[in-house]
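A quick write-up on the structure given underneath.
Computed from the coordinates by the stated procedures, all read-outs in this text should not be read as laboratory data. Just so you know, these numbers come straight off a predicted model, no measurement behind them. With ideal geometry, Cβ positions are generated from the backbone for all residues, glycine too; neighbour counts draw on all protein chains shown.
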Amino acid sequence: HRRPPRRGRRAEGRMARGGGGSEGTAVCDPYTCIPKRNRKYASECTEVHLSNLGAEELSEHFKDFGNLEVAWLAGNRLSRVENLETNFRIQEIYLNDNRLVSLNGLRTFKFLRVLLASNNQLRNLEKQLAVLLRFQFLKKLDLFGNPVAEEPDYRLRMIYHVPQVEVLDRRAVKGPERLRAGEVVPNLDKVSAAQPERARRKPAWAVHSELERMCFRRAKEVGHERCREEDAALGQALTKGLDYASVPPPLPRAVRENRERWELAKTAPRVGDFGSLSKGHDVFQVCADALQKPQPFTLTLRHHLDSASGKVRGDVFHQTFLAPARELDRTGRQSVQVSHSTKLTPIGG
C-alpha cells in the first residue's frame, strides 16, 4: 500500500474557511502554515506564506503569532489590512496584487523595513504619507500600479517626505533626486496647503415661505433705518459742541473752604483794635473770641480796668501781638505768614 503524498506547506495554506470571516468568505489563516495547530508553535513562528489564496479577509488567529516578522499576503483580494494590530514585530510585509484602499492597518508596525503594496487601489497621497511617516526603518517601498503613483510629482514628494527609503518602486533613490526633491517639494506643499474655498451655506431665509421672506426683509430695512437715525443724531450732537468759555469750571472743595476761611479772618476783629468797637461791646469777650484761649495779658488788662485809680491815671498796657497774614496762591493753597507787633493800649479815660 502506498502512503498518500504529503501536502506541502503552500498547499496547506491555500484556503481556510471560517476563522472569524463571514460565511462563504475566504480567510487567510496563519495556522495552516505550521505543522501543529497550537499556540506554542504559533508563538515561535516568524514567517507565514499566505499568497495567491484569493482570500478577502485576515483571520483573527494572527493575534497568537506574536513573534511574526515576515508576512506574504500577495495575490489575494484584501481590501483592508485588519487583525494585525498585535503583530508589531513585523519587518517585511508583501501586499502586492490585492485590492487595498488604505494602509491604516499597518500603523503598529514600528520596525517595518520592506513594504510592497503595488497593484492595489491606494489613492490620496497625503493620507498615505501620513501612514508612511511612522515607519522610521523603512528601506524598500513599492507603490507602483496604484492611483496614488499617478499623482503629480509623486516620486519627488515620496523622496522628500520619506527620506529613509532607499529603494522606491524598484529604483534606487540617488543624491540628485534628493536634491531636486528638496528644492521642488517645499513650494508644492505651500500651494497644496492652501485650503479650498468652502461651499457657502444657504441662508436661513432660503427655506422659508415668501411671506416670511418679506417679513425678514422689512425687519432688516427697519433696523437699517434706525441705525441711520441714531448716527445722524449723534453727529449733530458732536458737531454742535459746547461753549466752555461761558461755563467756568467748578472750584475744588479745598479751594472753596480756604476762601471762606480767609473771608471770615478778614472780617473778624483783632484783639488790640479797641477803636473799632462800638458802645455796648464787651472788650473781654471780643479778645476771648479772637484768640480762642485766655492769654496772660487778658487777666492783667481786666485787673487794671476793674481798678478805679487805673482809669484816672491814664496808664497804658504794653502788649505784643502776632499778626498772621493769610494768602492764597495760584493753586488755591493757603499760606500763613506771622509777624510780631508791639502796641501800647491806653487804660482808662
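Can you divide the C-alpha Rg of region 40-181 by 2.2 N^0.38 Å and report the result to two decimal places? Numbers along the way, then the final one.
Details: Rg = 15.0 Å, N = 142, 2.2 N^0.38 = 14.5 Å.
That ratio works out to 1.04.
Could you give me the ³J(HN,Hα) list for region 52-62, computed from phi with Karplus coefficients 6.51, -1.76, 1.60 and θ = phi - 60°, whole Hz, x at Gly and Pro? Couplings: 6, 9, x, 6, 10, 9, 9, 6, 6, 6, 4 Hz. Would you grab the residues whose amide H sits under 5 Å from the one on Asn52? Only those 5+ places off in sequence or on another chain, please, with H modelled 1.01 Å from N. The list, which skips near neighbours in sequence, is Ala74, Gly75, Asn76.
Using the Karplus relation 6.51 cos²θ - 1.76 cosθ + 1.60 with θ = phi - 60°, the per-residue 3J(HN,Hα) values for region 63-70 come to 5, 7, 9, x, 9, 5, 10, 10 Hz, with x marking Gly and Pro. From the cross-link list Lys63/Lys140; Lys139/Lys174; Lys63/Lys127; Lys40/Lys110; Lys110/Lys140, which pairs have alpha carbons spaced over 19 Å apart? Violating the 19 Å limit, Cα to Cα: Lys63/Lys140; Lys63/Lys127; Lys40/Lys110. Net charge dipole, region 44-116: roughly 320 debye, given to the nearest 20, about the Cα centre with Cβ charges of +1 for Lys and Arg and -1 for Asp and Glu. Packing, as the average of other Cβ atoms within 10 Å across residues, places the peptides 121-131, 152-162 in the order 152-162, 121-131, highest first.
Only Cα pairs under 8 Å and at least 6 apart count here; give the relative contact order of region 102-193 as a rounded whole percent. Mind dumping the intermediate values first?
Details: 120 pairs, mean separation 23.9, N = 92.
Answer for region 102-193 is 26 percent.
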